[in-house]
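The values are calculated or read from the model by the stated rules, or taken from the named source; none is laboratory data. Everything numeric here is computed off the predicted structure, so don't read it as measured data. Positions of Cβ are backbone-derived with ideal geometry, glycine not excepted, and every protein chain shown enters the neighbour counts.
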Amino acid sequence: MTSESTETGLDAAESASVIVERDGEIAIIRLNRPDRLNAFTHQMGEEIQAVFDETDADDSIRAIVITGTGRAFCAGADLGGGATTFELDQQEPGEVPRDMGGQVTLRIFASLKPVVMAINGAAAGVGVTMTLPADVRIASEDAKFGFVFAQRGLVPEAASSWFLPKLVGLPTALQWAMGAKMVPVAEAHERGLIQQVVPKDEVLSTAIEVARDLTSTTAPVSVALTRQLLWRMAGAPSPWVAHEADSKAIFYRGTMADVAEGVTSFLEKRPATFTDRVSTDLPDIF
């Protein structure tokens, strides 16, 4: 793998907790607080969201890989604030503030590009729930996953009550979350949370390869729509809702240049050259 640092629009002095690199068309987001096992902070959450705003707008980026710097992926929320760590400020009386972990997972959920997690070590609390809206999770052989909220007097956050049962099934989600389970990588793989387990020094390169496989021969606008259709329809109340959404997608895409190119290239037995752009040509089917 070759990678290079790239400007992200974030001031370097204010973005030390997240580093962005490029490997060709793949953007790599590194959680970068290795001295704290990449423990999650409000600043880190804001920076991750800002990077996704930029990757959505940049048509040269086809997919995003998220990994951690050092020996851990993310040890969960930074507990340096002590007993008041989870006391969130109310902006208005009676208002319930939204947790930052949930803001991050919803931003990843809304991504217009595929997201692959390269989980290079322990992932606990928000460190594991932030991985749930990714499309693929690759983990190192020493990774483990801590759904430890109930041991801290908390509950699972970051919309994980929606995501986790869809990935591993409700019985497993209940067992892991209510039991505050620290899940070894073998069990996570067996239950479907992890798609592939590789040696630690191969996690990032494997994730980049997987991201490239998702995008190397596919139309960017079609990938963006497919990602949203599959994720959003996972919570649809009936197949009729899904049929309405995919009918809109088929209708709009059928009139666009990519479909003509896709059919023509197939008939001419050549690779397709797709020209529709996510930043300007994405139809609103929702």
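Quick one: Ala260 ticks every box in (1) surrounded by fewer than 16 Cβ atoms within 10 Å (Cβ to Cβ); (2) within 28 Å of the chain's Cα centre (by Cα); (3) modelled with pLDDT of 95 or more bar one, so which box is it?
(2)
Of these, Ala236, Ala242, Ala224, which one is at negative phi and either aromatic (Phe, Trp, Tyr) or crowded, with 17+ Cβ neighbours inside 10 Å (or both)?
Being at negative phi and either aromatic (Phe, Trp, Tyr) or crowded, with 17+ Cβ neighbours inside 10 Å (or both) holds for just one of Ala236, Ala242, Ala224, which is Ala224.
Which helices (runs of 4 or more DSSP H) sit wholly inside the stretch 178-254 and have at least 2 residues that are of a type in the set (D, E, K, R), outside the structural domain of Val148 (by TED's automatic domain parsing) and more than 18 Å from the chain's Cα centre (by Cα)?
239-254
Filter the stretch 255-286 down to residues that are aliphatic (A, V, I, L, M) and assigned to a helix (DSSP H, G or I) and give me whichever is farthest from Lys166 (Cα to Cα).
By that ranking, first place goes to Leu267.
Condition test on Ala118, is it more than 20 Å from Asn32 (Cβ to Cβ), among the small types (Gly, Ala, Ser) and not in a helix (DSSP H, G or I)?
Taking the combined requirement at face value, the residue does not satisfy it.
In the list Ala150, Ala186, which residue meets the criterion of being farther than 26 Å from Gln49 by Cβ, of a type in the set (A, V, I, L, M, F, W, C) and modelled with pLDDT of 95 or more?
From the options Ala150, Ala186, the qualifying one is Ala186.
Go through the stretch 33-47 and give me each residue that's touching a Lys or Arg at 6+ places or on another chain (Cβ under 8 Å) and in a helix (DSSP H, G or I).
Of everything in the stretch 33-47, those that are touching a Lys or Arg at 6+ places or on another chain (Cβ under 8 Å) and in a helix (DSSP H, G or I) turn out to be Pro34, Met44.
Any residue in the stretch 163-191 that's without any contact (Cβ under 8 Å) to a residue 24 or more places away in the chain: show its pairings with residues that are among the aliphatic types (A, V, I, L, M) and crowded, with 19+ Cβ neighbours inside 10 Å at Cβ separation under 7 Å, as long as the two are six or more apart or on different chains.
Short answer, once both residue conditions are applied: Pro165/Ala173; Ala173/Leu164; Arg191/Val168.
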